[in-house]
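See structure below.
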Amino acid sequence: MFQANRLEGLGAPVHVKRPDLDDIDPTLESCCQREIETNRKGNALMATLSKHDVVAARERQRRNLITPEDCRCCFDPNQDGGEYWALIQLKQQLRKVDEIENDEIEEIKKEDGEEEEDEFDYLLEDSELPEDEFRRAELEWNMLQTEIRRFHGYGSVRQMHPSRVLGVALRAPVCVLHLFDTDSPASASLDLYFERTLAPKTMGTLFLRSDGRSTLLLNPKHFSDIDPHHNLPALIALKNGAIIQQNLQFQGLIDDTGAVIGTAVETWLDRCSVLRATPPVDEDLCRIRPEEQALTDSMAPRFDCGVYGCYKTFPHEHVGLSSRLVSEEEVLGR
């Protein structure tokens, strides 16, 4: 079982304490022993879930208008995000191709008389579900952490505003920066390869992209040797706040059709030593300190129910404070 450490609940795996079952009276009947064991396991699980409650954390973030995808430590929802024209066109083309292939596969299955499996059939298989509630709690916590990492650019590709992208890239331990050309099919092919193949298996690398021409014009001292009119698109590898290597116009990384060669891209980035499979720790992932998160939690708006000393945040009524009698018709719904 995974071990707890000082970062438990801040990005490290959550430790579910095993209940003590040694002091159960062995003279009890088997049914009573099983009931006691079940109750103790349930209490231990509920205590851990209450401590690291994913739903409660999301509810606190919702009340404070803070969501993982809009984390203000590095990502500004008003300036960042989105996709450029070439990438949108490429995804639309691939979506049409996938729809045609799926239709052909369904027609073949119907001709062969094969029964179509329901997309939720796997939920009925016991082998697909974790039998141990402790393992299930660990999986839920790991899913939340993976989602937060993806929103910060680890395991996915983040598009940043040209005025902000370099500040985020220089603070990351390792970063892959794509200065794209909005009309370049090669840029779209590279981002698609990052999103579907390379980024998910290198969770320790920050993948960013930004408009190349605007980024170069807004940061001339960092990219003085790159011509914004002739050297785009470009792929840049950064490590510990310094530019390690840069590839202009994807030299040696694309084929005759203009599509990127995945193995060549991965080899080039591997030689730059910017590909890491281990996800970052919480300190490197999000710059919102625990005390700042506690402050935002305490700033939740209070619902004014009229009772002094009540600090509940949701609309409610206090039982017994109203002197109005409820009629029989209201109770029976007549």
**Prompt:** To the nearest 10 square angstrom, how much accessible area does residue 276 have with a 1.4 angstrom probe?
**Reply:** 90
**Förster-model FRET efficiency, 30 Å R0, residue 27 and residue 143, C-beta, rounded to 0.05** = 0.10
**Asked** Modelled label-to-label distance, residue 94 and residue 79, 7 Å Cα→beta-carbon offset: nm?
**Response** 2.9
**Asked** Which ³J(HN,Hα) values in Hz, rounded to whole numbers, follow from the phi angles of segment 159-166 under the Karplus curve 6.51 cos²θ - 1.76 cosθ + 1.60, where θ = phi - 60° and Gly and Pro get x?
**Response** 8, 10, 5, x, 7, 10, 5, 5
**Two-site FRET efficiency, residue 106 against residue 38, from Cβ-Cβ distance with R₀ of 51 Å, rounded to 0.05** = 0.65
**Asked** Once the mean 1/r over all distinct Cα pairs of segment 148-283 is inverted, what Kirkwood radius in angstroms do you read off?
**Response** 14.6
**Complete:** Rounded to one decimal in nm, the spacing of the 7 Å Cα→Cβ label points at residue 317 and residue 227 is 7.6
**Message:** Accessible area of segment 148-283 with a 1.4 Å probe: how many percent of it is carbon plus sulfur?
**Reply:** 49
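The values are calculated or read from the model by the stated rules, or taken from the named source; none is laboratory data. Everything numeric in this text was worked out from a predicted model, so none of it was measured. Please note: Cβ atoms are built from the backbone with ideal geometry, for glycine as well, and neighbour counts cover all protein chains shown. Surface accessibility is based on the protein's heavy atoms, side chains included, excluding ligands, DNA and RNA. Shrake-Rupley method; radii C 1.70, N 1.55, O 1.52, S 1.80 Å.
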